[in-house]
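Written below as structure tokens is the structure these notes are about.
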Amino acid sequence: MPLSKYVCFILLLLPFIGNSQGRIQVLTDSIRIAMSGPDPDSSSLHVLLNLVQVPGTSPDTLLKYGKQWYAYTERTATVNGKPEALYVIGLALYRKGLNSKAAEYLYKAAAIWDRDGSNPLQLARTFELIAGIQKTMQQYETALKFYRRSMAIKSKLRSPSILLSTYNGLGNTFRLVKQIDSAIFYLKKAYMLSGDNDLAQAQVSNNLGNIYWSEKDWQTAAGWYNKALNSFIKLNQEEGISEVSFNLGTIATQQKQYKKAISYYQRCLKNLPQNLSLEHIEWVYEHLADAYYHTGNFNKAYINEVAYLKVKDSTLPLKVQQSIADLQEKYETEKKEHALALEQEKTARLQATNSYQLRLLFLLSGIVLLVGGMGGVIIWNVRRKQILANELKDKEQALKTNIAMLAGREQERNRIARDLHDRLGGTLCSVQLCVDSMNDSPPVKEKINMLLDTAINDVRRISHDLSDNILLKYGLEAGLKDIRESIEMTGQLKVTLYLQGLEKLPMHVSVEIYYIIRELATNAIRHSEASQLFIQVRGEKNELVLTVEDNGKGFDPVAMNKGMGLANIETRVRKLKGDYTIDTVKGNGSCFYFSIPLL
Amino acid sequence: MSDQFIIIIDDHRLFAEGVGSLLEGNGFNNIKILSGENQLGFQLQAAEPPLILLDLVMENADGIELAANIKLNYPAVKILVVSMHARRIYLEKLLKIGVEGYILKNVSNQEMVTAIRRILQGERYFSPMLGEMMLRNMTEMEYTAAVLTPREKEILKLIAEGGSTKEIADQLSLSINTIETHRKNMLFKTGLRNVAQLIKWGYENGLL
């Protein structure tokens with residue numbers, strides 16, 4: 001086939017075309033050519049994947065060709081190239097910051113590769129990418145799961161070096177879930193594999209440094225940071241040099257070696273990459289000012305504090321001006337007091353008497369220094385808290401809206417339940433009474449009666465399913481038993497309830513727990529194909545533990561993210577300031593864990 | 001029999017009147033309809049009826065509380081609950097209060113009349129559907145042995161094999177907290193005190 005020959009020819013040329021823009025051009029050209037053919041051409045599939053590996057390819061380009069290729073496979077009704085296209089789309093979305101969407105595409109790609117087993121390495125890469133995305137979305141358990149799957153595949157491929165990135169990812173994720181031993185284990189493995197790959201060596205040692213840093217093992221942390229620093233210097237990578245210097249600076253500060261710290265911070269400032277966020281720059285100045293403060297160099301401390309505040313200026317102008325004024329005043333008074341102290345010292349020396357006064361002076365200036373330092377620390381803390389508070393406020397606002405929406409819906413449901421039951425139900429029963437006393441031919445009467453019976457039973461069931469009457473009147477235990485009764489009446493599921501310590505539960509907690517369980521039970525009935533549902537609620541002294549487990553087909557939590565039910569559950573859990581985890585594997589049931597703090 | 005006084009308490013006027021005319025057609029001529037607890041006290045003091053037909057869930061009254069009140073103050077008055085609702089919890093409460101009967105609103109006319117006649121003769125009457133419910137309730141009571149969930153069985157096996165909480169957590173990609181929750185749930189359900197007893201229990205019950 002001449003077409004594919006042409007593509008091959010271009011690909012052979014590829015390594016010789018150095019500049020990446022040129023390479024991108026060549027690759028996109030060959031993708032277009034490959035797609036112009038009527039039949040899918042498997043030999044040109046890796047062109048698409050090659051495009052991913054060229055460093056300068058923009059996410060938009062990737063997205064465009066990924067989507068075109070996907071459309072092409074759809075048009076030609078073939079599996080060939082479909083996972084590649086999905087992978088490219090997923091990667092593009094990830095680079096655009098659309099995490100959950102990206103995960104969705106990657107998951108589809110992985111599913112196809114997993115099934116046909118055609119490209120294990122690419123499958124492992126995809127798993128790893130999904131893991132990375134889950135990690136940034138703070139779904140650490142899921143991230144670990146995918147890293148492990150990636151590791152399992154890569155281990156079979158007999159090329160140890162490809163495991164480097166997996167170990168690194170595992171290590172970093174373990175660090176985030178605070179399983180420090182595992183984190184160190186994997187990162188050290190990654191370090192062993194890094195060989196003469198300077199970049200990998202730099203990154204892995206930096207990560208190891210971070211771990212020991214958070215463990216407050218300053219000595220070891222500094223050792224790894226120094227390794228990282230050397231590698232970054234070899235690579236001449238400014239961003240890395242800057243970051244590691246900063247970290248080394250904070251360690252020196254911790255060890256009260258302020259002069260050393262200052263030189264690290266200065267190195268960090270010298271190597272600041274251009275696109276670094278203001279927040280980081282702000283931090284560096286803040287730390288630098290702090291270090292100068294401790295060495296007693298108030299002038300430099302002041303200059304750096306001003307620099308720090310200048311960066312901050314855009315966010316909190318008023319507060320900043322206030323604190324500049326404060327600090328300036330403090331600096332002025334300290335200067336005066338210093339001058340005064342010197343003056344007095346002189347006279348004291350001249351008089352060569354009364355060492356007591358001298359000691360008092362030292363003590364006084366020590367107090368001044370202490371007060372100054374404390375003031376600075378307090379101002380910084382207040383300001384940092386304010387930023388956090390603002391972020392929290394936005395989140396809280398969203399939560400409040402959701403809570404209000406849910407409450408409105410509960411009310412509405414109960415109203416509908418009442419109306420259905422009281423009005424429609426009663427009316428239907430009255431009709432039945434009338435029909436029953438009619439002297440009509442038996443078969444017709446029988447039929448009408450049967451229809452009415454069905455209608456009444458439906459109204460009864462629907463109104464009951466919508467109402468939380470029993471919960472409100474008789475409490476959580478009765479409410480949950482009632483849920484079990486409703487479910488078992490459908491004959492689909494056997495429900496096992498274990499309840500303990502619910503007697504003193506406050507009503508507002510009971511209501512949320514009740515709705516969470518109802519939501520999960522509904523999901524189990526509709527989607528899980530399970531035959532058994534276990535609901536276990538245990539009230540302890542300070543905590544309520546709820547698990548809801550079924551033996552159904554499980555689900556894919558990534559795809560489930562959008563489900564309305566889960567969003568509602570999350571809102572309810574957050575309303576109670578609780579926590580929850582989902583443990584589910586396709587084909588092996590699902591289990592939800594909730595932990596709700598009780599005051 | 002026709003002079004027997006019967007009070008119907010139901011906030012659904014149409015239904016109450018339907019029942020009223022059904023009863024009149026069957027020879028009960030002394031019937032009073034009330035839409036809630038208003039005037040009930042007055043009525044009961046004026047003349048104690050042998051029977052009250054009582055709805056459960058009303059807009060302005062709770063039938064269960066009302067039944068308890070009537071039984072407390074006028075124990076001779078018989079109560080037949082006529083409701084749309086068929087729930088075990090209501091049945092349990094009503095049995096405790098000691099009502100004479102409980103039927104659903106969509107029973108046939110004939111069954112309703114039968115229920116009223118029997119109760120007036122001193123018997124009790126419950127709809128067959130509710131009888132089934134009671135039966136299920138009793139079988140449920142016998143069934144108290146601990147049942148482990150699939151996840152719990154899996155974890156019990158790993159515990160029996162000597163795995164530490166952390167190892168099990170790693171192996172199943174779950175958090176330590178989660179494993180702890182399972183362990184505590186198992187102890188709670190079996191009523192055992194520690195893991196050693198739990199493992200023994202697992203062997204005895206064929207789970208290991």
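Relative to the longest principal axis of the Cα atoms of chain A, the long axis of helix A:238-254 makes an angle of roughly 70 degrees.
Helix B:195-204 and the long axis of chain B differ in direction by around 80°, with both axes built from C-alpha atoms.
For the range A:100-160, trypsin sites (Lys or Arg not before Pro) meeting the loop criterion (DSSP other than H, G, I, E, B) and having at most 12 other Cβ atoms within 10 Å: A:ARG158. P(r) for the range A:94-187, from all Cα pairs and a bin width of 5 Å, is 3, 16, 25, 24, 19, 11, 3, 0 %, short bins first. Structural descriptor for chain B: relative contact order 13 percent, calculated from alpha carbon pairs under 8 angstrom and at least 6 residues apart.
With just the Cα atoms defining each centre, how far is the range A:475-514 from the range A:584-598? Give it in Å. First find each Cα centre; the distance between them is then 17 Å.
Here's the list of lysines a cross-link from A:LYS445 could span, going by alpha-carbon distance under 22 Å and ignoring same-chain residues fewer than 8 apart: B:LYS105. Only alpha carbons enter this Debye calculation for the range A:481-599, each as an equal point scatterer, and the log10 of I(q)/I(0) it gives at q = 0.23 Å⁻¹ is -1.44.
Between B:LYS32 and B:GLU59, the FRET efficiency from the beta-carbon distance, with R0 = 22 Å, is close to 0.70. Over all Cα atoms in the range A:64-122, the spread is summed up by Rg and Dmax: 11.0, 31 Å.
Taking the Cα centre as origin and putting +1 on Lys and Arg beta-carbons and -1 on Asp and Glu beta-carbons, what dipole magnitude results for chain A, to the nearest 20 debye? Walk me through the numbers on the way to the answer.
On the way: 73 positive and 62 negative charges, 269 e Å.
Its charge dipole is roughly 1300 debye.
Going from the fewest other Cβ atoms within 10 Å to the most, the residues A:LYS216, A:LYS188 appear in the order A:LYS216, A:LYS188. A Förster distance of 41 Å, applied to the separation of the beta-carbon atoms of A:MET489 and A:ILE180, puts the FRET efficiency at 0.20. In chain A, the calculated helix contribution to ellipticity at 222 nm averages -25000 deg cm²/dmol per residue, counting -39,500 (n - 2.57) for every DSSP H run with n ≥ 4. Taking the convex hull of the alpha carbon positions in the range A:196-274 and averaging its projected area over all directions gives 4.7 nm². In this structure, A:ASP556 and A:ARG384 have a Cβ-Cβ separation that, at R0 = 41 Å, corresponds to a calculated FRET efficiency of about 0.60. Overall, the anisotropy analysis places chain A in the oblate class: the square-rooted eigenvalues a ≥ b ≥ c of its C-alpha gyration tensor yield a/c not less than 1.5, with a/b not exceeding b/c. Going by neighbour counts of Cβ atoms within 10 Å, the residues A:PHE127, A:PHE592, B:PHE188 line up, fewest first, as B:PHE188, A:PHE592, A:PHE127.
Please arrange A:GLU503, B:GLU48 by counting, for each residue, the other beta carbons lying within 10 Å of its beta carbon, fewest first. Let's see the in-between values first.
On the way: A:GLU503 10, B:GLU48 13.
Least crowded to most crowded, the residues run A:GLU503, B:GLU48.
Here, the range B:52-101 has an Rg and a Dmax of 9.9, 27 Å when only alpha carbons are counted. Considering the range B:150-208, its Cα convex hull presents a mean projected area of 3.5 nm². When chain B is treated as a Gaussian network with alpha carbon springs shorter than 10 Å, the biggest mean-square fluctuation among B:GLY98, B:GLY163, B:GLY41 belongs to B:GLY163. Decide, for the range B:1-78, between rounded, prolate and oblate: order the square roots of the alpha carbon gyration tensor eigenvalues as a ≥ b ≥ c, take rounded if a/c falls under 1.5, and otherwise choose prolate if a/b is larger than b/c, else oblate. Taking the square roots of the gyration eigenvalues as a ≥ b ≥ c, the range B:1-78 is oblate. My understanding is that a pair violates if its Cα-Cα distance is over 27 Å; which of A:LYS494/B:LYS166; B:LYS157/B:LYS189; A:LYS108/A:LYS189; A:LYS400/B:LYS184; A:LYS494/A:LYS575; A:LYS189/B:LYS166 do that in this structure? Exceeds cut-off: A:LYS494/B:LYS166; A:LYS108/A:LYS189; A:LYS400/B:LYS184; A:LYS494/A:LYS575.
Label-to-label distance, A:GLU74 versus B:ASN73, with points set 7 angstrom from Cα along the beta-carbon direction: 7.2 nm.
Under Stokes-Einstein, with the Kirkwood radius over Cα pairs as Rh, the value for the range A:415-532 at 37 °C and 0.692 mPa s is 199 µm²/s. Each of A:LEU199 and A:GLN254 was given a label point 7 Å from its Cα along the Cα-to-Cβ line. The distance between the two points is 2.9 nm. Diffusion coefficient (Stokes-Einstein, Kirkwood radius over C-alpha pairs, 10 °C, 1.306 mPa s) for the range A:18-170: 100 µm²/s, rounded to a whole number.
In terms of its C-alpha gyration tensor, the range A:168-222 comes out oblate, because a/c is 1.5 or above while a/b does not outweigh b/c. Note on A:LYS346: lysines with a C-alpha under 25 Å away, same-chain residues under 8 apart excluded, are A:LYS330, A:LYS335, A:LYS336.
For chain B, the Stokes-Einstein estimate of translational diffusion at 4 °C and a viscosity of 1.567 mPa s comes to 62 µm²/s, using the Kirkwood hydrodynamic radius over alpha-carbon pairs. Among the lysines of the range A:204-293, pairs that are 8 or more positions apart or on different chains and have alpha carbons within less than 17 Å of each other number 4. For A:LYS494, the residues whose modelled amide H falls within less than 5 Å of its own, excluding neighbours fewer than 5 places apart on the same chain, are A:GLN532, A:LEU533. Once both labels are positioned 7 Å from their Cα atoms along Cα-to-Cβ, the gap between A:ALA407 and A:ARG526 label points is 2.5 nm. On C-alpha positions alone, give me the angle between the axis of helix A:355-419 and the longest principal axis of chain A, in degrees, nearest 10. For helix A:355-419, the angle is close to 10 degrees.
The numbers here are math on the coordinates, done by the rules we state, and not lab data. Quantities reported herein were computed from a predicted structural model and do not represent experimental measurements. Here the Cβ is made from the backbone with ideal geometry for all residues, glycine too, and neighbour counts use every protein chain on show.
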